[in-house]
Amino acid sequence: MKPVFTVLLACLLGASAAKAETNAAELDASVTAVTPKVVAWRRDIHAHPELGNREFRTAALVAEHLESLGMEVRTGIAHTGVVGVLRGGDGPVVALRADMDALPVTEQVDLPFASTVTTEYNGEEVGVMHACGHDNHVAILMGVAEILAGLGDELPGTVLFLFQPAEEGAPEGEEGGADLMLREGAFADPVPDAVFGLHVFPMPVGVIASRPEGLMASSDRFTITVNGTQTHGAMPWMGVDPVVTASQVVLGLQTIPARQLDATLTPSIVSVGRIEGGVRNNIIPETVELEGTIRTFDADTRADIHRRIENTATHIAESAGATADVAVDLGYPVTRNDPDLYRRMAPTLQRVAGPGFVEARPVTGAEDFSYLAEAVPGLFFFLGVAPEDPALVAPNHSPRFYADERALPLGVKALTELTLDYLAGAP
Ligand SMILES: [Zn+2]
Ligand SMILES: [Zn+2]
């Protein structure tokens with residue numbers, strides 16, 4: 001029995017390995033076939049950037065493409081958001097997300113398709129540029145949509161395509177972004193089992209970087225008002241000096257990450273960016289206001305730092321006979337990669353990028369993909385798009401940020417294969 005069984009098993013394994021190879025070759029051919037379109041979309045979107053909640057042209061381009069692929073398409077979600085549903089077999093549901101907005105930055109990159117667009121932003125005339133590279137995200141996801149739609153009945157589950165407005169924040173007085181898309185039902189029907197997304201980053205082309213748990217920081221703003229008692233600068237004992245007290249608070253806040261938290265657990269940052277009080281040299285003012293930002297990589301540390309800021313500021317103020325009012329405005333949560341999903345999908349990224357797949361260091365910037373990854377298990381990764389000439393490498397948001405389009409096929413391949421492996425129940 002044993003030899004027969006072994007032979008049978010070998011045949012079966014041989015057959016499935018051959019099928020996997022055919023599938024891989026077919027997939028590579030689809031990526032190659034769609035690449036010229038992805039490049040053309042990216043150049044077109046790059047030349048026509050639109051600010052958050054104003055992505056009308058981009059959204060129309062996306063919706064038209066998804067409709068041409070035969071998808072169920074919903075538009076106008078969270079202002080200009082587009083959701084496409086591609087229904088396949090009875091398998092799970094995967095959501096894929098691309099953000100569509102550009103920034104109020106005047107482009108300085110020498111490209112034939114460089115942006116010359118200007119617009120009004122919060123009452124000012126500004127240049128508009130895809131300085132964070134979201135043009136690449138949109139074009140890549142349009143390419144992924146085309147490949148997956150081309151699979152027809154072979155698609156083993158359902159894919160939800162999210163094209164999201166206003167990742168960089170909505171204009172003053174407006175809401176927007178991933179959070180608003182969720183509140184407007186982007187994940188309501190069908191409910192995804194997992195969400196994947198990527199961000200271009202100035203690492204070499206061929207590199208994909210990610211990590212389990214906190215990949216990008218939470219970003220919260222705090223405001224502290226130190227209330228003293230106004231007096232003559234020559235007679236400080238006649239009042240309570242909020243300038244000296246606020247200075248102690250600034251230093252006290254630095255002891256939170258440096259002295260109060262376990263430095264071996266996770267990095268965190270508390271920065272004061274604005275301090276304001278007083279009108280002239282010889283009057284000690286009544287109040288001083290501080291404003292700053294908090295960055296953390298896990299939810300517990302985030303809540304802990306909020307408590308410690310309140311505690312540190314109010315007690316330092318109390319020791320001086322002053323009071324402190326502390327307000328924390330919640331910004332984007334931690335962009336957290338679900339550890340189980342990460343372990344499950346890392347082999348796919350490894351296969352797709354080979355030695356180019358590396359573990360990312362945490363990034364202290366924030367990303368509103370975090371809301372999607374709070375709603376369902378999420379996996380977010382960085383795609384290297386740095387130009388070959390090191391002199392041309394610039395960070396995201398720079399007027400010189402330049403994404404090398406040679407990176408686009410790897411982005412398409414990575415999202416496509418993550419989706420197919422997940423739907424097929426990988427590993
Ligand atoms: Zn950005
Ligand atoms: Zn971005």
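Do you know which of the residues in region 361-375 that are open to solvent by less than 20 Å² (accessible area, probe 1.4 Å) and within 15 Å of ligand 1 (Cβ to nearest atom) is farthest from the chain's Cα centre (by Cα)?
S370
Taking G384 as the residue in question, decide whether it is open to solvent by less than 30 Å² (accessible area, probe 1.4 Å), at positive phi and not in a loop (DSSP other than H, G, I, E, B). Walk me through it before giving the result.
Working: open to solvent by less than 30 Å² (accessible area, probe 1.4 Å): yes; at positive phi: no; not in a loop (DSSP other than H, G, I, E, B): yes.
It is false that G384 is open to solvent by less than 30 Å² (accessible area, probe 1.4 Å), at positive phi and not in a loop (DSSP other than H, G, I, E, B).
Which condition breaks for V105 when tested against (1) within 16 Å of ligand 2 (Cβ to nearest atom); (2) under 21 Å from T419 (Cα atoms)?
Only one criterion in (1) within 16 Å of ligand 2 (Cβ to nearest atom); (2) under 21 Å from T419 (Cα atoms) is unmet by V105, namely (2).
For region 350-372, give me the residue count where each residue is over 17 Å from A299 (Cβ atoms), out of contact with any Phe, Trp or Tyr (no Cβ under 7 Å at 6 or more places or on another chain) and either hydroxyl-bearing (S, T, Y) or in a helix (DSSP H, G or I) (or both).
6
Answer yes if at least one residue in region 196-219 is within 27 Å of D338 (Cβ to Cβ), at pLDDT 95 or above and charged (D, E, K, R), and no otherwise.
Checked against the condition, which is being within 27 Å of D338 (Cβ to Cβ), at pLDDT 95 or above and charged (D, E, K, R), region 196-219 yields at least one hit.
Give, as residue ranges, the strands (runs of 3 or more DSSP E) completely inside region 98-209 that count at least 3 residues that are under 28 Å from R406 (Cα atoms) and away from ligand 1 (no atom under 16 Å from the Cβ).
Values: elements: 118-121, 124-127, 158-164, 194-204.
Because the criterion is at least 3 residues that are under 28 Å from R406 (Cα atoms) and away from ligand 1 (no atom under 16 Å from the Cβ), the strands (runs of 3 or more DSSP E) in region 98-209 that meet it are 158-164, 194-204.
Do we find that L410 is over 26 Å from G177 (Cβ atoms), of a type outside the set (G, A, S), out of contact with any Pro (no Cβ under 9 Å at 6 or more places or on another chain) and open to solvent by 40 Å² or more (accessible area, probe 1.4 Å) in this structure?
Numbers: over 26 Å from G177 (Cβ atoms): yes; of a type outside the set (G, A, S): yes; out of contact with any Pro (no Cβ under 9 Å at 6 or more places or on another chain): yes; open to solvent by 40 Å² or more (accessible area, probe 1.4 Å): no.
Considered against the rule, which asks whether it is over 26 Å from G177 (Cβ atoms), of a type outside the set (G, A, S), out of contact with any Pro (no Cβ under 9 Å at 6 or more places or on another chain) and open to solvent by 40 Å² or more (accessible area, probe 1.4 Å), L410 comes out as no.
For region 219-275, name all the residues that are open to solvent by 80 Å² or more (accessible area, probe 1.4 Å), closer than 17 Å to D298 by Cα and outside any loop (DSSP other than H, G, I, E, B).
Hit for region 219-275 is R221, nothing else.
Identify the residue in region 152-171 that is away from ligand 2 (no atom under 16 Å from the Cβ) and modelled with pLDDT of 95 or more and, among all such residues, is surrounded by the most Cβ atoms within 10 Å (Cβ to Cβ).
Taking region 152-171 first, the residues away from ligand 2 (no atom under 16 Å from the Cβ) are 152-161, 171.
From the residues that got through so far, the ones that are modelled with pLDDT of 95 or more too are 155, 157-161.
Numbers: L155: 19, G157: 21, T158: 20, V159: 29, L160: 23, F161: 26.
My answer is V159.
If only one of V93, V82 is in contact with a Ser or Thr (Cβ under 8 Å, 6 or more places away or on another chain) and open to solvent by 10 Å² or more (accessible area, probe 1.4 Å), which one is it? Full working, then the answer.
Numbers: V82 fails: open to solvent by 10 Å² or more (accessible area, probe 1.4 Å).
Testing whether each residue is in contact with a Ser or Thr (Cβ under 8 Å, 6 or more places away or on another chain) and open to solvent by 10 Å² or more (accessible area, probe 1.4 Å) leaves just V93.
Inspect region 57-65 for any residue being assigned to a loop (DSSP other than H, G, I, E, B) and acidic (D, E) and give the result as yes or no.
no
Quick one: is D135 within 16 Å of ligand 2 (Cβ to nearest atom), under 18 Å from the mean Cα position of the chain (by Cα), farther than 17 Å from L372 by Cα and of a type in the set (D, E)?
Values: within 16 Å of ligand 2 (Cβ to nearest atom): yes; under 18 Å from the mean Cα position of the chain (by Cα): yes; farther than 17 Å from L372 by Cα: yes; of a type in the set (D, E): yes.
In short, yes.
State whether the residues of region 338-349 include one that is within 16 Å of ligand 1 (Cβ to nearest atom), in a helix (DSSP H, G or I), farther than 30 Å from V240 by Cβ and touching a Lys or Arg at 6+ places or on another chain (Cβ under 8 Å).
Filtering region 338-349 down to residues within 16 Å of ligand 1 (Cβ to nearest atom) leaves none.
Looking through region 338-349, none of the residues is within 16 Å of ligand 1 (Cβ to nearest atom), in a helix (DSSP H, G or I), farther than 30 Å from V240 by Cβ and touching a Lys or Arg at 6+ places or on another chain (Cβ under 8 Å).
The values are calculated or read from the model by the stated rules, or taken from the named source; none is laboratory data. Fair warning: this is a prediction, and the values are worked out from it, not measured in the lab. Using ideal geometry, Cβ is built from the backbone for each residue, glycine included, and neighbour counts are taken over all protein chains shown. For the accessible areas, the whole protein counts, side chains as well, though only heavy atoms, and no ligand, DNA or RNA atoms are used. Shrake-Rupley method; radii C 1.70, N 1.55, O 1.52, S 1.80 Å.
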